[in-house]
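Trainee: Quick one: this structure, given as structure tokens, is what I'll be asking you about.
Each value in this text was obtained by applying a stated rule to the coordinates, not by laboratory testing. Remember, it's a predicted structure, so these values are computed and weren't measured experimentally.
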Ligand code: FES
């Protein structure tokens with residue numbers, strides 16, 4: 001099973017079972033990205049220099065998301 005956790009003021013963290021063959025990251029052109037070390041963190045703030053992956057620039061940028069998953073009905077807020 002793969003779980004995607006929305007980190008508060010941070011990336012989408014992809015937590016997958018298995019040996020690494022269970023997650024494929026593909027952009028809009030069909031280009032496949034090699035999966036980095038686990039856990040995989042996908043940029044949510046738009047600032048990362050290594051998109052689609054998080055490079056922790058969100059902390060320096062003071063990223064706070066516009067959405068609140070509680071208000072959006074998408075589930076509990078990430079912690
Ligand atoms: S979410 Fe970490 S750099 Fe964008």
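Trainee: Find how much the distance from residue 55 to residue 8 grows on full extension, using 0.36 nm per residue of separation minus their present alpha carbon separation; answer in nm with one decimal. Spell out each step's value before the answer.
Mentor: Working: separation 47, 0.36 × 47 = 16.92 nm, distance 1.55 nm.
Difference between extended and current length: 15.4 nm.
Trainee: Subtracting the Cα-Cα distance from 0.36 nm times the residue separation, let me have the gained length for residue 23 to residue 64 in nm, one decimal.
Mentor: Answer, rounded to one decimal: 12.1 nm.
Trainee: A further question follows. Against the globular-protein guess of 2.2 N^0.38 Å, express the Cα radius of gyration of region 2-68 as a ratio, rounded to two decimals.
Mentor: Dividing the Cα radius of gyration by 2.2 N^0.38 Å gives 1.13.
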